[in-house]
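Enquirer: Right, I'll just put the structure down here and ask away after.
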Amino acid sequence: MSESTEKKMVRLRSSDGEVFEVEESVAKVAKTLQDMLEEDCADAVIPITCVRAPILTKVIDYCKDQVMISSSSSTTNNPNERTEQERKAWGQKFMEGVDSSTLCELLVASNFLNIEGLLNLGVDKMVSMIQGKYPQEIRDMFNVVNDFTPEEEEEIRNQNAWAFERDPYYKKRSSSK
Amino acid sequence: MYDKHFAGSCGFSFTRETYSMSSSSSAGTETLSLIPGLPNDLAALILTLIPFSHHTRLKCTSKSWYSFLSSSTLLPLRRVTLPTPSLSHLVCIFPQDPSLGQPYLFDPLHAAWSPLPPMPCSPHRYGLSNFASVSLGSRIFVLGGSYFDNRSFPIDRPRASASVYALDLSTFTWSRRSPMPTPRGSFACAADPSTSSILVAGGGSRHNLFGSGGSRISAVERYDVVRDEWIEEEKLPRYRAGCVGFMFGEDEFWVMGGYGDCRTISGVLPVDEYYKDRAVLRLKNGKWREFGDMWEEGERWKLGRVVAVDGLNGARPDFFMLDGDEIFRFDVSMNRWWKESTLPRRSPPDCSCGFVALGEELYVMFVLPPSLDPGKKSRVKQKPPLFIQVYSHRKRKWRFLVTKSPFKHPLDFRTAVMCAVRL
């Protein structure tokens, strides 16, 4: 990468009108932006219509970090290079405290901007949020509407239920039988 | 890592037609998104990645979740989307005759058990044992076995069965498949995923209730799962029953151990002659080749329980044998079993261990004997827990699990049939 391109700045506008100025290399982590920049429509402010400012901030944080890793990984023995374990821990920390609605927006943003790494992080986070939960918790978390009648729900619940050890819900159910 | 565009290619459509339970729904204009605020292809990807044992519980979240998680394309999709180690590695345990005793699926990672529907039964047949069970895709096949027929005379003479049943784990339903051309129990059986077929070799009519007796056969057949058709292959070089079979790569079907001839001690007591060798069928030319003895005289009298652990990225499998309290690994080039490890906790005397390979690990399980401590008398009434020792041959390390088995009677691993499933 030459000096001039590295200094070049790109301006991004979120759906609620906030403008972010980032280095081109940071913006290029997003494949969608990379394609746009390569087609040379980089002069104006790029509108990112489906992403709100707080989400875009988080996305830019992620991109900045990716740039930091990749720029230093070309040199040997760099201190920023991460092992598999460190990457995992970093991902977990990055996603820490993200609630379900923010996570949905993050997923939509990374899907739209085509940032594979962030998408995978988000998907994994979502999977870990869903697994082990009860249907009612899922409905509360994601505003999923329960369109079953109580009888239908009971019927489905009794089909081939898995009994989880260390699981108070199923323990209660099985002992009440 | 994941193919996020898979949902378009798998033919999911979230239309009302996909609902099997749409009795109470109102107008059909409501959006059928799985997770509000998330495009359905992303939500579908997320649900696809949820471990299999959590699916049933999540089904009652909403109708769209129910139809997605009940879809017959979900399990094939998991196999395409997820790397093999991330799939749910489960073991299916048949404690006894699968039409009488309910089989269970066990998910060791989440310590979860799920009952499976019993196999369809016939009013005349009972006491099926020594059947084979293999998984292929999202189906578990139960083949052959030895049973009693209340119409036969004498009534206590076991017969070999030719019947084949398949349990589809996406719908939890059994279906009857074309029977084997030759009835058999205690035979070598392996699934070949590359051609969607199942190979069976040798076997006989021995029943668990009788330690000896029973026929021996050498017939070899191949089942084409897609066409539901059996094809005869070249016979085994010798009669062989009680043997085990494995695929080795895509071209070789191995048959190990088992017994052939029977001699009698002082003219009365029948004793099986156990084979120490293995025979290999090359699928390309359909010819059997015999390899010599896999151990020296006196090392052991018969082959222990053998399992195959799939290699990384489609590499050929490694074979492990549980013999007493020791694990042996098979050396293909030397045609020998070498000691790999010893069980950290020895199995109780007169107890048989279950041995199964899940993912890259070996699971050795036995039922813990009831505590003899007089102070804990109440424990005897409880179901004895299942103690599982897990060995990772790559890390050469053991770990342990204890789980409450859901079976009413203590599991007897001498007669229980197990098969590993990846979903």
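The values are calculated or read from the model by the stated rules, or taken from the named source; none is laboratory data. Note that the structure is a prediction, hence the values are computed from the model and not measured. Counting neighbours? That spans all protein chains shown, and the Cβs are built from the backbone with ideal geometry, glycine included. Note: areas computed on protein heavy atoms with side chains; ligands, DNA, RNA excluded. Shrake-Rupley method; radii C 1.70, N 1.55, O 1.52, S 1.80 Å.
Enquirer: Go through segment B:173-188 and report how many residues are open to solvent by 20 Å² or more (accessible area, probe 1.4 Å) and hydrophobic (A, V, I, L, M, F, W, C).
Expert: The total comes to 1.
Enquirer: Among the residues of segment B:36-51, how many are open to solvent by less than 10 Å² (accessible area, probe 1.4 Å) and more than 8 Å from chain A (Cβ to nearest Cβ)?
Expert: 3
Enquirer: Looking for whichever is open to solvent by less than 40 Å² (accessible area, probe 1.4 Å), more than 9 Å from chain B (Cβ to nearest Cβ) and β-branched (Val, Ile, Thr) here; the options are A:115, A:130. Which one fits?
Expert: Only one candidate passes the filter, namely A:115.
Enquirer: Separate question: Across segment B:115-138, what is the number of residues that are outside any loop (DSSP other than H, G, I, E, B) and either open to solvent by less than 30 Å² (accessible area, probe 1.4 Å) or in contact (Cβ under 8 Å) with a residue 40 or more places away in the chain (or both)?
Expert: 9
So that you can scan it fast, the table gives a plain yes or no per residue for (1) away from every other protein chain (no Cβ under 14 Å); (2) of a type in the set (A, V, I, L, M); (3) touching a strand residue (DSSP E or B) at 6+ places or on another chain (Cβ under 9 Å); (4) open to solvent by less than 10 Å² (accessible area, probe 1.4 Å):
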site: B:64; (1), (2), (3), (4): no, no, no, yes
site: B:72; (1), (2), (3), (4): yes, no, yes, no
site: B:86; (1), (2), (3), (4): no, no, no, no
site: B:144; (1), (2), (3), (4): yes, no, yes, yes
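Enquirer: Now for a separate question. Only one residue in B:314, B:267, B:292 is modelled with pLDDT under 95, more than 29 Å from residue B:364 (Cα to Cα) and open to solvent by 40 Å² or more (accessible area, probe 1.4 Å), so which one is that?
Expert: B:267 is the lone residue from the list that is modelled with pLDDT under 95, more than 29 Å from residue B:364 (Cα to Cα) and open to solvent by 40 Å² or more (accessible area, probe 1.4 Å).
Enquirer: Considering only segment B:389-414, how many residues are open to solvent by less than 50 Å² (accessible area, probe 1.4 Å), aromatic (Phe, Trp, Tyr) and under 23 Å from residue B:328 (Cα atoms)?
Expert: Result for segment B:389-414: 2.
Enquirer: Does segment A:135-155 hold any residues that are outside any helix (DSSP H, G or I) and closer than 13 Å to residue B:63 by Cα, and which are they?
Expert: Residues satisfying the conditions are A:144, A:145, A:146, A:147, A:148, A:149.
Enquirer: For segment B:226-262, how many residues are buried (at least 18 other Cβ atoms within 10 Å of the Cβ), part of a loop (DSSP other than H, G, I, E, B) and in contact (Cβ under 8 Å) with a residue 40 or more places away in the chain?
Expert: Result for segment B:226-262: 6.
Enquirer: Give the residues of segment B:204-220 that are crowded, with 20+ Cβ neighbours inside 10 Å and either in contact (Cβ under 8 Å) with a residue 60 or more places away in the chain or acidic (Asp, Glu) (or both), sorted by residue number.
Expert: Scanning segment B:204-220 gives B:206, B:207, B:214, B:220.
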